[in-house]
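Trainee: First, the structure itself, so that you have it in front of you.
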Amino acid sequence: MSHPSDEELLAAHLRGDRDAFGQLVGRHERRVYGICLRMLGNREDAQDAAQEAFLSALRRASSFRQEAAFSTWLYRIAVNAATDQARRRGRTRTTPLEPEDAGVPAPAGGHSDPGEDVATAVTVQAALTKVPEEFRAAVVLCDLLRLPYAEAASVLGVPVGTVKSRVYRGRLALADELGSRGTAQNPGAADAPQPDLRVVHPETPPVGTGGVRPRPEPGTAALARASEPVEAEERPRRPNKE
């Protein structure tokens with residue numbers, strides 16, 4: 001039995017199906033929360049922004065015109081919700097993430113130290129909050145969610161070339177911030193090898209690539225390895241349609 005598409009579920013919601021929008025929330029809450037968490041840098045603000053994103057999508061459901069995928073439309077709302085949340089605060093709060101927020105999965109085959117992975121992910125996230133907002137959004141979408149440039153451009157409402165430029169400048173800003181943090185914490189770190197900031201791609205080649213995996217691009221490997229927390233009590237609450 002095939003599952004209905006996002007667009008079919010949204011259409012069912014508009015026809016009065018009381019369960020359809022809840023299914024959409026279940027499908028996308030992890031990524032929406034992840035976008036907000038990476039944009040804002042702390043759990044409380046991310047939960048508030050994710051909640052607002054779904055409520056906004058619920059209110060604006062009838063405005064969806066299928067000019068892009070439902071997920072693209074929803075991610076645009078999530079980015080805007082996170083941006084609005086940060087502006088309401090006056091700035092992005094830099095409260096460090098707790099280790100559990102890093103969500104680093106257990107290493108396969110014992111090839112990595114989980115404690116080191118958590119520390120690295122938390123450090124990179126803290127540095128990411130210092131990257132200018134427009135660059136940060138592009139890095140989150142392209143390097144963490146691994147959206148194609150064209151889809152990220154649709155989410156952000158800018159040309160593909162602008163997305164590429166923002167990702168590049170965001171990576172540079174992130175590397176500079178990490179370098180500054182390392183030097184401040186360890187004056188001798190300036191001469192030490194820099195951390196590998198390449199995106200970690202899945203082992204399975206994407207469909208349509210002829211079995212060839214894409215070349216790794218500079219990015220945020222520590223955060224790409226870290227999946228968003230999905231514990232039930234930490235997920236954003238589902239909007240009440242009553």
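Trainee: Using packing as a proxy for protection, rank 149-161, 61-73 so that the peptide with the highest average count of other Cβ atoms within 10 Å comes first.
Mentor: Sorting 149-161, 61-73 by mean packing, highest first, produces 149-161, 61-73.
Trainee: Each residue of segment 32-43 in order: what ³J(HN,Hα) in whole Hz does its phi give by Karplus 6.51 cos²θ - 1.76 cosθ + 1.60, θ = phi - 60°, with x for Gly and Pro?
Mentor: Karplus-based 3J(HN,Hα) across segment 32-43 equals 5, 4, x, 4, 5, 5, 6, 6, 9, x, 8, 5 Hz.
Trainee: For VAL158 and LEU172, compute 0.36 nm times the residue count separating them, minus their Cα-Cα distance, and round to one decimal in nm.
Mentor: 3.0 nm
Trainee: Could you give the length gained by full extension between ARG59 and ASP17, i.e. 0.36 nm per residue of separation minus their alpha carbon distance, to one decimal place?
Mentor: Additional length available on full extension: 13.6 nm.
Trainee: Could you run the Karplus curve 6.51 cos²θ - 1.76 cosθ + 1.60 with θ = phi - 60° over segment 71-83 and give me ³J(HN,Hα) per residue in whole Hz, x for Gly and Pro?
Mentor: Result, rounded to whole Hz: 4, 4, 4, 5, 5, 4, 5, 5, 4, 5, 5, 5, 5.
FYI, it's all coordinate maths here, none of it is from the lab. Model, not experiment: these values are computed from the prediction. Please note: Cβ atoms are built from the backbone with ideal geometry, for glycine as well, and neighbour counts cover all protein chains shown.
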